[in-house]
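As structure tokens, the structure follows; a few thoughts come after it.
Bear in mind that the values in this text are calculations on the coordinates, not laboratory data. Here the structure is a predicted model, which is why all the values come from computation and not from measurement. Note that we place each Cβ from the backbone using ideal geometry, even for glycine, and neighbour counts take in every protein chain shown.
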Amino acid sequence: MRESLTAITEELRRLKQAGVTTVSVTEETLERLRRVVGQRAAASAPARPASPSLPVAAPPAPVPERMRETTRTVPPVAPATEPLRTPPEVRLPGGSKPERWAALKALVEGDPSCRAHLRPGKRVVLGVGSLDAALMFVGEAPGAEEEIQGEPFVGPAGQLLTRMIVAMGVAREEVYIGNIMNWRPGLPTAEGQEQVGNRPPTAGELAYCLPFLRAQVEVVAPRFLVALGATAAQGLLGAGAFKTLGEVRGRWHDFGGIPLMVTYHPSYILREPTPRRKRLIWEDLLQVMERAGLPVSDRQRGYFLER
């Protein structure tokens, strides 16, 4: 139950950083939370004689009508995982870029902690793209489609990212795309059922997988990095580098001597595909294009400007 509450807290924190101010929850979820809070309160309260004048527990507060929207129910069964080990020290052999990347892929796929956190039938995910790419995009973690195909950004957010890259005048195959995490962070799921929804990685999960991302950066040696979303930015800049994404978004930073631009995750647009949100990300990508020496037309400069 502690893991479930932690996952919920992390997801709410991520949504808040992305500007989301309201969420929908089920009546069943609220009732479970009430029971957990009631059990903890009862366990921490000092023992006292029973008194007919004092009720043992107050009745649960009525749920406001606006919070009774029905959503997907998540069964309270935690995924089976093992405690994370000390983050690995990744040392790649010499050789060509393809040879070193293949050695890294074998290392990640055979890593005990990575394998222990996979659900049955799912795959470890490593980055894809050109090993000579000048631009490298970094997200946070695989989702449902990614853990099936073993490739990052292949779901709806990935399809949107591809369109964004093409709008920059570059093909997806010309860049490198990866995640900090190499497995999909687990959520409570009933036995035999597929996981519904995603959660952001914990600080410990990010710390464990970061050496694998650093190794990918070492192999590709991109000229520029683009962090997609708050979790990716925290992984690259450090957990205490900022409180909200707005503090660091749209500005140049440094990751191991490589210029790093922080912008929103493509899912930021998917949640609310307005011209304003599209323009915010596009302005960040325009900075990348200009610094990378990519041609920028007047038409590109005017993308997503509200008329």
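What to note about this one:
- For residue 175, residues with placed amide H under 5 Å, excluding near neighbours: 130
- Dimensions (Å) - segment 123-258, Cα atoms, principal axes, largest first: 45, 33, 26
- Contact order for segment 233-307, expressed relative to its length and based on alpha carbon pairs under 8 Å spaced 6+ residues apart, stands at 22 percent.
- More than 18 angstrom apart: percent of Cα pairs within segment 92-152: 43
- Förster radius 51 Å - calculated FRET efficiency between residue 119 and residue 247, Cβ distance, rounded to 0.05: 0.90
- Using the alpha-carbon positions of segment 195-307, Rg (one decimal) and Dmax (whole number) come out as 15.3, 46 Å.
- Only alpha carbons enter this Debye calculation for segment 251-301, each as an equal point scatterer, and the log10 of I(q)/I(0) it gives at q = 0.27, 0.29 Å⁻¹ is -1.05, -1.09.
- With the charge dipole of segment 97-301 set up from +1 on Lys and Arg Cβ and -1 on Asp and Glu Cβ about the Cα centre, the Cα lying farthest toward the positive end among the listed residues 250, 150, 187 is that of 250.
- 5 angstrom amide H check on residue 226, placed H, neighbours 5+ away: 136, 137, 138, 261
- Two-site label geometry, residue 214 and residue 86: point separation in nm, points 7 Å out along Cα→Cβ: 1.4
- The GluC sites (Glu not before Pro) found in segment 265-307 that occupy coil by DSSP, while having at most 13 further C-beta atoms within 10 Å, are 306.
- Gain on full stretching of the segment that runs from residue 305 to residue 283 - 0.36 nm per residue minus C-alpha separation: 6.9 nm
- Additional length obtainable on full extension of the chain from residue 145 to residue 223, 0.36 nm per residue less Cα span: 25.2 nm
- Extension gain, residue 294 back to residue 272 (0.36 nm per residue minus Cα-Cα distance, nm): 5.1 nm
- Scanning residues 5 or more positions from residue 127 or on other chains, those with amide H under 5 Å from its amide H are 179, with H placed 1.01 Å from N in the peptide plane.
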